[in-house]
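Report on the structure given below.
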């Protein structure tokens, strides 16, 4: 295992971690940032996969703009995910 | 053993789908969709990758046999733009929804049913 | 232009025109012409048909629709056209809208088409058209009854379609002749197994049973027959229900040998025919009992009609040539006497606006011609010589006895007795007795209606006195000397019926009675009140006059059986499925997008499991 | 004219959609009329293409950029595409005329753009011969459909749009994964070449790829249980848009499903996929019919009915026999006509009487007899009464179904059709024999459209031969993959 | 909790299935078919050095047209959904002095950089989409820094439309000149720039298209931002 693949593993690991965090954080603002981070790490991976065009596009559109749009939307709606009460019930609702 | 890129891509897809399946907040579901799209893009690019080759820019003495497949990259460019378009649309719908329903909890957004 | 095409589509065209030019006078003229043309052409084609069948083929939508006017189709078509013409005259008097004309004539086309079709696509198409048109006639009056009728009919039609599809898949053909031959060959090949044969038989039986009103698929009939224009009911009950009967014949023609080969015999009878016979017998008994208990004349005749069609099924179920002869004869006689009955009912309802026995009485003086017609119908239905009804019933009875089916014959007997019971009530309750004061101003029915009745009454008398005319033709259909004798005499292996002799005797008897009536003791006029209660005072709880709960004791005796009603069973089934539908959609389309995404995930999971495993 | 001019089918809507912002000054009416004019032009082009294809009997292959197929993207306007592009254009024209009168919600200019792009998307989906291009056009269709669903900006509209978006988003993501897998194993995106090479694919990849593609498209094609978005979207979208959804947006999805399915015939697990699709289609019919049974909202009821009909089309297309595909295409045409008629009529009543609840339809025969008449014709046709167009295609489908050995499926579909008859006939009863009302004025243009469509229903019902011959040609266009591969002028690429 | 467990199990099975499928497409191997053709012929056929750009704009130009359309739909759709007669910005806190000054200084350069990216799309990585996005980022920066800043959205809308039309018209010119829609008439018919491959003035219509795309993407994305950021003002 050379150092290049070390970096790959690390980036993929961090990307997955930020994805999990983006999904699990209750603060939507943080989640949006987490999502942008996923995009950012993905764009790094794109770069490593010899796709510089895609990397640039992902960084500019996927990370920056899509994150910004999310943040505006959060600003216009609500910032925190409401507490999920686990009410027992019909199977489709849970 | 599958490659780490494939692993990462599939993980992103699944995590995104997980958010859609479990999280009740609309924005969270949209974040999930967005992550899913990123995963798909990653998958596409990894499929086009060829070990030991460089980017498909044929200047500087890189010949046709030394470059990776350009098509998946072109496709991913399109897919990214489509992804952001969908996200923007979805978010504006979410804004309207919040205005009309006062909530973003999908369990309460169900006037249309049956 | 081909004659068959004219016969088929003139009524439809006339109907559309009558509907488009919906002005008083215009629509009636167009409609009458449309209804008269088929009969005229059928009469014109009679010599040709006797020689050899007249064919016509039409290509629509990639299907070839074949029509053929053979001896049997001619017979059925002629019966339908006769009743159809009468219906048209009736409609002139009873209907006020182009809507009725459109759909009445559309169903006329449908019925003719069913009789003339020689392939299943045309058959199904026109079958559906007929069902739909008759449904629309009912829908206008009563949504519930019409839907009941339609749902059952559509279930039948779709059962037929399924059967057609299976036959097509197995034989690769849609026309009757090829299918018939393919099925005969298939007996030795055996590509269609026993299970599939039974399935086909059941499907066809369901399809035709619904139209014929066989128990337990009869529940639509009372409602549908009563909740429409009564002139139309003459056709509905007289001709349209014959389509089901025709279908049963079709089963014999197409699948008879195959069914025999697969199912074998039972006590010396064809097993499948035995089933049909018993369905017929049960229909006769159940419907006749129910008819007796009705308080509404429309309902009474509706059940009676179901019962009479049961006779035909029973006759066909006997499976012998004589049985077919009887059944075919009864097709004619039922069409003419029941058509006549419904026209009489139409006249009564048109003039009085009443439908229940309790509101009627003493109409014979006010509507003498209608009464005379009603009398003919009653005599014919009750099977009293010398009417057409007697001849056909006699043949059926002979057939059942000859085939050693005593129980079935018993059903015929029982049915006849019950028929007598209810027509007597009709005869007395409506025409004689005390007239309610509201009915003092009732007038004779309008001329078109009287004409319509006459059209149907004459055959009743003619074919009653000369039944040999009909049996002669039936012999031609069955290609053998099934019923012997001449015009006035019917001869079978076990008996002879001389209609002329009987009629002469009857005429003489009537003459004597008339003389006695005229010159005998002077009749005393007494007020007719309910004085026959054996001295007991009449109370409202147990008022058993002829117009009110006359057969209530019978109902009480049958209480146990009356608790089970197919009608209620179906209603409950319908309710249940509607509730199920509601529950289903509330559970599935529950409005939560997360559940919806779960559905997607589940499909993916299924795909994944399918891929992984 | 050169066949390449068929690319105007794509270019014209695009150009005119981009032109809308520049003519915003014309005002609302101006833009609406502009919309009608453009759709009329599109109809003209489509008619020309149709005439070309059917008179020569050869498909038009539009090669974008002048590159031969596997290198460049080609449009394949064969018999099916020519027929359906025409239908798309005609229905769009009708809807545009209907919109002139019916659309009141601001901003109209944006509506016009989205409208044109929805039309474009469906046209492209039907015409394209490249699998990724199909994805792009699918997204164009889908995203403009999302926007148009929410266009009324009510809570319900936004809710429906959200549902559509989430499900559509999942579907399209998985579709793209499928495309990625197929590309990964074959190295090409051209449909004809995929069909050519499909047999050489690694069976696992082929199976997963095919399954994912069918899954993604089935969401668009409204197959059970992936169709949960559909009734909501149909109900909440502006009336004009619902017409388009039912008449051709779904059809485009169905067509894409069928096309890709038959192209991948050589794949090992193909028959299993077919079986799965047949099961899904049958369930679609049954569940949708049951769901429609007790609806109080007519638009939703017809939406469910539309879904069930779509299920029937999918059933026919998934039979895997020539007869089935022909019947399915025939049904597509008929269904487009009938559902356009029904949704236009219902939308008209909905605007005129302020809602599409069943109560509004009581006594419609007395208030708006022409509309009620047209709706009645449509309903009767939908039930499958003879002498109306759907009868023929339904019979064809069912016979093809039994022939292919799916007797159980046919039985279930027939059972569901009984339910369909019940609710449509209740609807007819409500219109004609219940309720009272004053006679209202009915708009000339819309009455004309409705009567035209109703006449079409009856004409096809009485004389189905012409459309049936078209459907047969179009059906063999889908079914006969060998011919398809031969028609596309593939060039040799690579080793 | 049950739901989560179920979800995770389901997803793991789906993931395993996908991985199984992907195992048939091993990572890092050369499976190119059409791609190889592109790499071999891209320079002579399109004049672009960057093969991705050539594929995006020229070989698969139809996709790109569709892609532009998708973005256009998104911008239109967002505009339609968040439409109201009166809209205004509602932010109150002005950006800090560092931000405002920095923005003042940077915004023109960011835009310029965006322009650079899309003009050199056929030579270097990048192109219309990232370039346009970069321009939009500049506007985003302006929005962030100044409370009252608004893009001239009417003009932007018109530019969007006009530029989009230009794209289609370029394609139609190709149809008129070369007989094919989106035909690269500059390179193939006129033969301009054959001698300076690898430099700016080459690549046929790719720079033109990428300029169009860049402007379009920039205006559209800024339009989306504008629509998202401004809120309806009551009365």
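Relative to the longest principal Cα axis of chain C, at what angle does helix C:388-402 sit, 0 to 90 degrees, rounded to 10?
In chain C, helix C:388-402 runs at an angle near 60 degrees to the longest axis.
Counting just the Cα atoms, what span does region D:69-123 cover along each of its three principal axes? Round to the nearest Å and put the largest first.
45, 22, 8
Which order, highest average first, do D:480-486, D:406-412 follow once you tally other Cβ atoms within 10 Å for each residue and take the mean per peptide?
Order by mean packing, descending: D:406-412, D:480-486.
Using Cα pairs under 8 angstrom and six or more residues apart, how large is the relative contact order of chain D, in percent?
Averaging sequence separation for qualifying contacts and normalising by length gives 16 percent for chain D.
Find how many whole Å separate the alpha carbon centroid of region C:1-54 from the alpha carbon centroid of region D:208-233.
51
What whole-number volume per residue, in cubic angstrom, does the convex hull of the C-alpha atoms of region D:198-268 give?
In region D:198-268, the Cα convex hull volume per residue is 70 Å³.
First check a/c for region A:3-76, with a ≥ b ≥ c the square roots of the eigenvalues of its C-alpha gyration tensor; if it is under 1.5, answer rounded, and if not, answer prolate when a/b is larger than b/c or oblate otherwise.
Oblate.
Sorting check: for C:511-520, C:199-208, C:478-487, which peptide has the highest mean count of neighbouring beta carbons within 10 Å, and how do the rest follow?
Put in order of decreasing packing, that is C:199-208, C:478-487, C:511-520.
Using the Cα atoms of region C:297-441 to build a convex hull, what is its mean projected area in square nanometres?
7.9
Can you pull the semi-axes for chain D, root of five times each eigenvalue of the Cα gyration tensor, sorted largest first, whole Å?
They are 34, 26, 20 Å, listed from largest to smallest.
Relative contact order of region D:87-221: what whole-number percent is it, with Cα pairs under 8 angstrom and at least 6 residues apart?
22
Using a Gaussian network model of chain E whose springs link C-alpha atoms within less than 10 Å, name the residue from E:34, E:217, E:78 with the highest mean-square fluctuation.
E:34
For each of C:589, C:564, count neighbouring Cβ atoms within 10 Å of the residue's Cβ, then give the residues from fewest to most.
Ordered from fewest to most neighbouring Cβ atoms within 10 Å, C:589, C:564 come out as C:564, C:589.
Once you have all Cα-Cα distances for region E:32-232, histogram them in 5 Å bins from zero and send the whole-percent values.
1, 8, 14, 17, 17, 14, 10, 7, 6, 4, 2, 0
Return the average number of partner chain Cβ atoms within 10 angstrom of each residue Cβ along peptide D:97-110.
Going residue by residue through D:97-110 and averaging, the value is 2.
Over region D:270-480, what per residue volume does the convex hull of the Cα atoms give, in whole Å³?
For region D:270-480, the hull spanned by Cα atoms encloses 103 Å³ per residue.
Please compute the alpha carbon radius of gyration of the protein assembly as shown, then divide it by the globular-protein estimate 2.2 N^0.38 Å. Two decimals is fine.
1.06
Please state, to two decimals, what the Cα-based radius of gyration of region D:69-201 comes to when divided by 2.2 N^0.38 Å (N = residues).
Taking N as the residue count of region D:69-201, the ratio is 1.23.
Given the peptides C:102-111, D:280-289, arrange them by the average over their residues of other C-beta atoms within 10 Å, most packed first.
By packing density, highest mean first, the sequence is C:102-111, D:280-289.
Along each of its three principal axes, how wide is the spread of alpha-carbon positions in chain B, in whole angstrom units, largest first?
61, 32, 22
When only Cα pairs under 8 Å and 6 or more residues apart are kept, what is the percent relative contact order across region C:194-329?
28
Semi-axes of the equivalent ellipsoid for region D:1-139, please: Cα gyration tensor eigenvalues, times 5, square-rooted, ordered largest first, whole Å.
28, 16, 12
Starting from the Cα of residue C:447, step 7 Å along the direction of its Cβ; do the same at residue E:189; then give the gap between the two resulting points in nm.
Using points 7 Å along Cα→Cβ, the separation is 8.4 nm.
In peptide E:155-167, what is the residue-averaged number of other protein chain Cβ atoms found within 10 Å of each Cβ?
4
Return the ratio Rg/(2.2 N^0.38 Å) for region C:1-112, where Rg is computed over Cα atoms only.
1.09
Would you compute, for the Cα atoms of region D:371-442, the largest minus smallest coordinate along each principal axis and list the three values in descending order, in whole Å?
Its Cα atoms span 53, 19, 14 Å along the three principal axes.
Please compute one quarter of the surface area of the Cα convex hull for chain C and express it in square nanometres.
Over every viewing direction, the Cα hull of chain C projects on average to 35.2 nm².
To one decimal place, what orientation-averaged projected area in nm² is obtained for the convex hull of the Cα set of region C:288-375?
About 6.0 nm², averaged over all directions.
Taking Rh as the Kirkwood radius, which is the inverse of the mean 1/r over Cα pairs, what is the Rg/Rh value for region C:349-416?
1.18
Taking every residue in C:129-139, how many Cβ atoms of other protein chains lie within 10 Å of its Cβ, on average?
Whole-number average of other-chain Cβ neighbours for C:129-139 is 3.
Under the rule of -39500 (n - 2.57) per DSSP H run of 4 or more residues, summed and divided by the residues of the protein assembly as shown, what mean residue ellipticity at 222 nm is obtained, to the nearest 500 deg cm²/dmol?
Taken over the protein assembly as shown, the calculation gives -24000 deg cm²/dmol.
Computed from the coordinates by the stated procedures, all read-outs in this text should not be read as laboratory data. Predicted model only: the values in this text are computed from it and were never measured. FYI the Cβ positions are ideal-geometry reconstructions off the backbone, even for glycines, and counts take in every protein chain you see.
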